[in-house]
Amino acid sequence: MDNRPLHAVIWLPSTFYSAVAATLVEMFELVNTIRGAPAISFEFVARQADATTTPGISFHTRRKPSQRMDLLILLAMPGMQIPELVAALEEESRHAAPLIASAQRDGAIIAAHCGAGYFLADAGLLDRKRATISWWLKTDAQRRFPKVRWDASRVLIGDGRIYTCGGGFSGLELGKAILRDLGFAREERLVRKLLVLPPSRQIQTPYEFPLADLPPTQEAFRDRLEALSRKQLGALDLAFLGAQLGLSPRTLARRFSDELHTTPGRWIQDRRLEAAKALLESTKLGIAEICYQVGYRDTASFSRLFNRVIGLPPGEYRRQSQ
């Protein structure tokens, strides 16, 4: 008889709600504590070695599960600017597909949180099944996946061994339902009390509001790029931007071309040189230190580039700008 703990895998996309990921594993750990023995093991899986949320909270991850899955929970990236969010979901779906196929082979329960319902719909797992999704994605989901019986008024829907839930903290409802259905009803009741979880919610509809009420540039592509360049200029490269935005190199290049009329490499270079100019004008830092701060590692190469693009060597630029 197989007495091993049930094994849960949580897929972390390029950006995600850290509170949902952390609360799910806290619930699993509490089940183990209440039972006094390991009942549920868990791990995070992602396409990058360590998944990091937009505010900078990191989760240690594996590239693939370490053992057979009994439960797969797919988290999705936050966002309410529909075209940009849908593009990110489409890109992430491609990376999640092999893990979903592996979970099917393992006979695992598969659950999609928030917009991750796109991943299951893409894989055909929701065809002719009832499913829900974040309320702000319902119109696009109905158009893209007409074979799915969408009911986005619901917070949570379970259809056989497939679960879908709505936005944000509907992940709490998902965690509670899964624990009950896995045979941990007693433990789930105690987990709710220990974590002081809110009463169960059934309907998303009261949370809806017109998306037009949001600022139109809340998550615009240009704004997200500028925020990344301000906070992590030294880390800027194609791999970093792709991971932070959830885009493949090919999609990233297309977005730069379509929306900014430039290439990722040229945009990164421009941001670094603008930062270098500002440091030359406003600080007494040496050329080598400025070179390193803006993301270059070779002072001579940096000086040649600066001279070629700006028209003056860094030292002469500083003399003329002060």
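Figures for the structure shown
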read-out: Candidates 127, 106, 140 - the one that is of a type in the set (Asp, Glu) and within 25 Å of residue 66 (Cα to Cα); value: 106
read-out: Test result for residue 169, buried (at least 24 other Cβ atoms within 10 Å of the Cβ), among the aromatic types (Phe, Trp, Tyr) and within 21 Å of the chain's Cα centre (by Cα); value: no
read-out: Every residue from the range 180-197 that is part of a loop (DSSP other than H, G, I, E, B) and of a type in the set (A, V, I, L, M); value: 182, 195, 196, 197
read-out: Residue 239 being out of contact with any strand residue (DSSP E or B) (no Cβ under 7 Å at 6 or more places or on another chain), among the hydrophobic types (A, V, I, L, M, F, W, C) and open to solvent by 60 Å² or more (accessible area, probe 1.4 Å); value: yes
read-out: Within the range 124-136, considering residues that are in contact with a strand residue (DSSP E or B) (Cβ under 8 Å, 6 or more places away or on another chain) and not hydrophobic (A, V, I, L, M, F, W, C), the one surrounded by the fewest Cβ atoms within 10 Å (Cβ to Cβ); value: 128
read-out: Which listed residue, of 318, 224, 308, is more than 27 Å from residue 81 (Cα to Cα), free of Cβ contacts under 8 Å to residues at least 60 places away in the same chain and either β-branched (Val, Ile, Thr) or surrounded by 17 or more Cβ atoms within 10 Å (Cβ to Cβ) (or both); value: 318
read-out: Residue list for the range 36-72, restricted to those being assigned to a loop (DSSP other than H, G, I, E, B), in contact with a helix residue (DSSP H, G or I) (Cβ under 6 Å, 6 or more places away or on another chain) and open to solvent by 60 Å² or more (accessible area, probe 1.4 Å); value: 38, 47, 57, 68
read-out: Residue identified as surrounded by fewer than 17 Cβ atoms within 10 Å (Cβ to Cβ) and assigned to a helix (DSSP H, G or I) among 101, 88, 121; value: 101
read-out: Residue tally, condition in contact (Cβ under 8 Å) with a residue 24 or more places away in the chain and not in a loop (DSSP other than H, G, I, E, B), over the range 124-143; value: 7
read-out: Those residues of the range 78-112 which are modelled with pLDDT under 95 and in contact with a Cys (Cβ under 8 Å, 6 or more places away or on another chain), in sequence order; value: 78
read-out: Residues being in a helix (DSSP H, G or I) and either at pLDDT 80 or above or open to solvent by 80 Å² or more (accessible area, probe 1.4 Å) (or both) - total across the range 198-221; value: 5
read-out: Lone unmet requirement of (1) without any contact (Cβ under 8 Å) to a residue 40 or more places away in the chain; (2) of a type in the set (Lys, Arg); (3) open to solvent by 40 Å² or more (accessible area, probe 1.4 Å); (4) closer than 17 Å to residue 231 by Cβ for residue 271; value: (1)
read-out: Number of positions in the range 2-35 that are in a helix (DSSP H, G or I) and open to solvent by less than 50 Å² (accessible area, probe 1.4 Å); value: 14
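Every residue, every condition in (1) open to solvent by less than 40 Å² (accessible area, probe 1.4 Å); (2) outside any helix (DSSP H, G or I); (3) touching a Lys or Arg at 6+ places or on another chain (Cβ under 8 Å); (4) in contact (Cβ under 8 Å) with a residue 12 or more places away in the chain, yes or no:
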residue: 267; (1), (2), (3), (4): yes, no, no, yes
residue: 280; (1), (2), (3), (4): yes, no, yes, yes
residue: 284; (1), (2), (3), (4): no, yes, no, no
residue: 295; (1), (2), (3), (4): yes, yes, yes, yes
residue: 303; (1), (2), (3), (4): yes, no, no, yes
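Here is a yes/no grid of residues against (1) closer than 30 Å to residue 35 by Cα; (2) open to solvent by less than 50 Å² (accessible area, probe 1.4 Å):
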{"position": "117", "(1), (2)": "no, yes"}
{"position": "138", "(1), (2)": "no, no"}
{"position": "143", "(1), (2)": "no, no"}
{"position": "149", "(1), (2)": "no, no"}
{"position": "175", "(1), (2)": "yes, yes"}
{"position": "183", "(1), (2)": "yes, no"}
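The values are calculated or read from the model by the stated rules, or taken from the named source; none is laboratory data. Since we're looking at a predicted model, the values are computed, not measured. Neighbour counts are summed over all protein chains in view; Cβ atoms, including those assigned to glycine, are modelled from backbone coordinates with ideal geometry. Surface areas here come from the heavy atoms of the whole protein model, side chains and all, with no ligands, DNA or RNA. Shrake-Rupley method; radii C 1.70, N 1.55, O 1.52, S 1.80 Å.
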